[in-house]
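Structure first, then comments.
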Amino acid sequence: MSVKPSFRTVPPEGLRAGIDPDSLGFETTDDCSYFPGIIGQARAVGALTMGLEIESPGYNIYVAGLTGTGKMSTIKSLLDQLDLKKKIPDDICYVNNFEDPDRPTVIMLPAGLGRQFQKDMDDMVIHLGKQIPRIFESEEFKRDSEKVVESHMARQKELVKNFNEKIQHEKFQLVQYQVGPYTRQDVAYVVEGKPHTLEQLEELNREGRFPDGDLEAVREKQGELRNELEMIMRESRQIEKEIRKEIGLLERRTGLPAVQEYISDILTKYTKHSDRIEPYLRNVQEHVLSNLKTFREKDEEQPPAPLPFFVQPPEKRLTEYGVNVLVDNSQTKEIPVIIETMPSYKNLFGTIEREIDRSGFWRTDFTRIKAGSLLRANGGYIVFNAYEALVVYGVWSFLKRTLTNRLLTMQPYDPFGMSATAIKPEPIPVDLKIIMVGGNFLYQQLYEFDDDFKKIFKVKAEFDTSMPIGEDAVGGYIQFMKKIIDDEDLLRFDKTAAAAIIEYGVRISGKRKRLSTRFSDVADIMREAGYWAKKEGSDTVRVKHVDRAYDEKVARVRLIEDKIQEMIEEGTILIDTDGAAVGQVNGLSVYDMGDYAFGKPARITAQTSMGRAGFINIEREAKLSGKTHDKGVLILEGYFKGKYAQKFPLSMDASICFEQSYAGVDGDSASLAEVCAILSSLSELPVNQNIAMTGSVNQRGEIQPVGGVNQKIEGFYDVCRSRGLTGGQGVIIPALNLQELMLRKDLVEAVSKGMFQVYPVSTVDEGMNILTGVEPGERDEQGRYPAGTVNFLVSEKLRSLAENLKNFGSESKESGSTKKRVQNKKSKG
């Protein structure tokens, strides 16, 4: 059966959007100049600009869009255009809290002063470490301290002397003995010029050699003297305390001028920059004066003991007077802009490091607090990937808390809650703008399920995947090409190659009147075209190199397509491309492999019979059908009821099947092929197997557009080409898909030679007309179709099925009544 030439077909120029190379206005890209700008994202740029310029809390930005649409480059470009010459953010420092060392204090200083303050405090420690020992080694201090000691020691010696004279008169003597590491004093009774213990005295008494006779009196007297000795020792200890106290006061008076002078200089230098400097330095002064001993002691030279690899060596003393500069903006010339490429918890928020000391315990202090990129961006902007941040445990909850309170609380990264440190640094005020880059699905999930998200990310900047084609868009593409060529030192492109790149942008956009904004894909094809041009020894990239780059790109990923094509050519997959068959249509499906999508035909068959089951979707019964495909089949039933079952009931069973399909079917793009297969089965009109079709049908019989139309047409064309083009082969597509046609050049050439056709249709009737060559037929005023038309044959068949089903039902009832009468007669007999 041949297709009538009167059917409307798409002319070659309607199958592909061509770009005239001469219209580009240059011979090669050497004639072009690059002007930096953002291409095709006016909506996103507007949202980003507003979000960046509003300084109110919560106006952080979520940038949504597919990969490769230029989100990150657009953000960088806009940030570069901002007025970043505002006030440079302050340095952020942590210092020791002498009243509560577990709660370090924050001090903010103008940019650059943090490092100076740290140096001045370090110099103070070095200075006092040299000056204080000199003061305490002076003759004046030694003389004054000796006076203090002598004045009290004379009193202590007098007490001991008087007590000693008293006990000697009582025949007792002061003795010393060792108890472990300590030396103790006691009173002992003297016999024959030697002190004796009670045990020795008892031994003498048992032997009758105790000279004084009454041992009990000696024992009692010894107890009294011991009590008196304890009182004297207590008083001596009190004298020693007084000595230490007066020495301490003397040291304080002596060291105060040196300490006060140095700290006063630091105070004068920094107090105007922060109201926290004065109370901190006062505490430093008080702590130094209370711990002058640490400055007087000299480090003892000791051989280093070997330590396990996990044990840190002891730090130098006096770190409590140091300054931990978390953020140093001394070299910062403008507001910070940080692109965080690895947004882990530690990288974003910082941490508090710990170490194992010689005793095997974890320890830390304020000097081990480390800043993350969030603090380094304080006062400016930070950009990071949303998904990469959210998949890390604890990042999202901590980020929300920080943005809500505008305070960053430093804490160790401890995902298992096993931190042994009690240090809780004072929270740091933060004022920054966060730009989080992610996908639309993630945005919708956060917006719907997290109430805090909409409060802290009030701006959504959504990037489109395409832009309307026009002079500005084409000019933007050329500018982009020039940038890639210059930045990566690629070969120049001539005007034919540039036109081919623009056409490639049209194809991947999916619309003839739009250009893709997935510039990463466009850049890839440019790089590969440059590679093939260089491989050929050419100094210029031409259209043939772009075409080869595209062909090679497809060849690398089309293994599955080639396997399916082989099975069709071998006859393993049954596809007819000539002849005619009743109830059998070539449908078109798309296989999406992620990095590559291609189309291939699939045989769709239908069987009809008398019955009341309606439309049976075999894929659904086998659980191989998706929801959208199920809906498409149900719509077909509505179409049949509206078109044919107005005067008689729809009394038929129709089973629909995708032959040799075992991996599942979804989408409604096969509903046109399915309805045509059913109409062919009912009318018994053979369908032309030279033609494949795709399209979605609504209940009114109108054809709706479908996706992947280019791949579907090319898939059937490849099958026909492998078997030999006859001129009668072609594809039926929805007329509404004409704006998306961007077919391969070889297919367009075949159409121009009359070897292949593309038929646009708007209704089911038009599709059946092309498939069968029979007029569909229109209802007359009596609601009847002209004899011999498709609709007439279908309507008569459905009427016949309804009448036969009715008659079959009557016969069944009559047969049942007759059987019942016979049974009644038998029972009466």
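When segment 559-579 is filtered for residues that are in contact (Cβ under 8 Å) with a residue 40 or more places away in the chain and either within 21 Å of S655 (Cβ to Cβ) or in a loop (DSSP other than H, G, I, E, B) (or both), the ones remaining, listed by number, are I573, L574, I575, D576, T577, D578, G579.
So, L738, is that one crowded, with 21+ Cβ neighbours inside 10 Å and either among the hydrophobic types (A, V, I, L, M, F, W, C) or touching a helix residue (DSSP H, G or I) at 6+ places or on another chain (Cβ under 9 Å) (or both) or not?
no
For segment 469-505, a tally of residues being under 25 Å from K745 (Cα atoms) and either in contact with a strand residue (DSSP E or B) (Cβ under 6 Å, 6 or more places away or on another chain) or free of Cβ contacts under 8 Å to residues at least 24 places away in the same chain (or both) returns 11.
Considering only segment 412-421, I want to know if a residue exists there that is of a type outside the set (A, V, I, L, M, F, W, C), touching an Asp or Glu at 6+ places or on another chain (Cβ under 9 Å) and farther than 24 Å from P89 by Cα. Yes, the conditions are met somewhere in segment 412-421. Taking the stated definitions as given, is L201 among the hydrophobic types (A, V, I, L, M, F, W, C) and either within 30 Å of D144 (Cα to Cα) or in contact with a Pro (Cβ under 6 Å, 6 or more places away or on another chain) (or both)? Against the criterion (among the hydrophobic types (A, V, I, L, M, F, W, C) and either within 30 Å of D144 (Cα to Cα) or in contact with a Pro (Cβ under 6 Å, 6 or more places away or on another chain) (or both)), L201 does not qualify. Looking across segment 683-694, the residues that are part of a loop (DSSP other than H, G, I, E, B) and of a type outside the set (V, I, T) come down to E684, L685, P686, Q689, N690. Based on what the data block shows, is G695 small (G, A, S), in contact (Cβ under 8 Å) with a residue 40 or more places away in the chain and at positive phi? Yes.
Looking only at segment 224-257, residues that are touching a residue at least 60 places away in the same chain (Cβ under 8 Å), within 23 Å of H127 (Cβ to Cβ) and of a type in the set (A, V, I, L, M, F, W, C) come to 1 in all.
Total residues in segment 495-508 satisfying the condition of being touching a Ser or Thr at 6+ places or on another chain (Cβ under 6 Å) and closer than 17 Å to S33 by Cβ: the figure is 0.
Looking at segment 695-715, which of its residues are of a type in the set (A, V, I, L, M, F, W, C) and farther than 19 Å from R8 by Cα? The answer is V697, V706. The set of residues from segment 717-735 being open to solvent by less than 10 Å² (accessible area, probe 1.4 Å) and β-branched (V, I, T) comprises V719, V731, I732, I733. Taking the conditions (1) touching a residue at least 60 places away in the same chain (Cβ under 8 Å); (2) within 17 Å of A670 (Cβ to Cβ); (3) open to solvent by 60 Å² or more (accessible area, probe 1.4 Å) in turn, K627 satisfies each one other than (1). For segment 160-191, a residue qualifies if it is farther than 14 Å from L225 by Cβ, outside any strand (DSSP E or B) and modelled with pLDDT of 75 or more, and exactly one does: K161. Of the strands (runs of 3 or more DSSP E) entirely within segment 58-127, those holding at least 2 residues that are open to solvent by 20 Å² or more (accessible area, probe 1.4 Å) occupy 105-109.
From the list E242, E203, the lone residue that is at pLDDT below 80 and either over 30 Å from R155 (Cβ atoms) or open to solvent by less than 80 Å² (accessible area, probe 1.4 Å) (or both) is E203. On the basis of being out of contact with any Cys (no Cβ under 8 Å at 6 or more places or on another chain), charged (D, E, K, R) and free of Cβ contacts under 8 Å to residues at least 12 places away in the same chain, does K454 make the cut? Spelling it out, K454 is indeed out of contact with any Cys (no Cβ under 8 Å at 6 or more places or on another chain), charged (D, E, K, R) and free of Cβ contacts under 8 Å to residues at least 12 places away in the same chain. Mind listing just one residue for me: the one in segment 15-44 that is modelled with pLDDT of 85 or more and among the β-branched types (V, I, T) and, of those, surrounded by the most Cβ atoms within 10 Å (Cβ to Cβ)? By that ranking, first place goes to T29. Taken across segment 720-728, residues that are among the hydroxyl-bearing types (S, T, Y) and more than 28 Å from D547 (Cα to Cα) do not occur at all. Flag: R401 does not match the condition of being open to solvent by 50 Å² or more (accessible area, probe 1.4 Å) and in contact (Cβ under 8 Å) with a residue 40 or more places away in the chain. Being among the small types (G, A, S) and more than 16 Å from S669 (Cβ to Cβ) holds for only one residue in G727, G715, and it is G727.
Only residues that are modelled with pLDDT under 50 and either surrounded by 13 or more Cβ atoms within 10 Å (Cβ to Cβ) or in contact with a strand residue (DSSP E or B) (Cβ under 8 Å, 6 or more places away or on another chain) (or both) were counted in segment 316-330, giving 0.
Of the residues making up segment 559-600, those that are surrounded by 12 or more Cβ atoms within 10 Å (Cβ to Cβ) and of a type in the set (S, T, Y) are T577, S589, Y591, Y596.
Here are K166, K130: which of them is open to solvent by 50 Å² or more (accessible area, probe 1.4 Å) and under 30 Å from N96 (Cβ atoms)?
So the residue among K166, K130 that is open to solvent by 50 Å² or more (accessible area, probe 1.4 Å) and under 30 Å from N96 (Cβ atoms) is K130.
The sole residue among A461, A473 that is in contact with a Leu (Cβ under 6 Å, 6 or more places away or on another chain) and more than 30 Å from P343 (Cβ to Cβ) is A473.
Restricting R363, R376 to residues that are basic (K, R), buried (at least 18 other Cβ atoms within 10 Å of the Cβ) and either touching a strand residue (DSSP E or B) at 6+ places or on another chain (Cβ under 9 Å) or on the phi < 0 side of the Ramachandran plot (or both) narrows the list to R376. Note on segment 208-239: among residues that are part of a helix (DSSP H, G or I) and among the acidic types (D, E), the one that is surrounded by the fewest Cβ atoms within 10 Å (Cβ to Cβ) is E216. The residue that is nearest to the chain's Cα centre (by Cα), among those in segment 690-707 that are buried (at least 23 other Cβ atoms within 10 Å of the Cβ) and either more than 15 Å from Y759 (Cα to Cα) or among the small types (G, A, S) (or both), is G695.
The values are calculated or read from the model by the stated rules, or taken from the named source; none is laboratory data. Fair warning: this is a prediction, and the values are worked out from it, not measured in the lab. Glycine gets a Cβ as well: all are built from the backbone with ideal geometry, and neighbour counts include every protein chain shown. We work out accessible area using only protein heavy atoms, side chains counted, and drop any ligands, DNA or RNA first. Shrake-Rupley method; radii C 1.70, N 1.55, O 1.52, S 1.80 Å.
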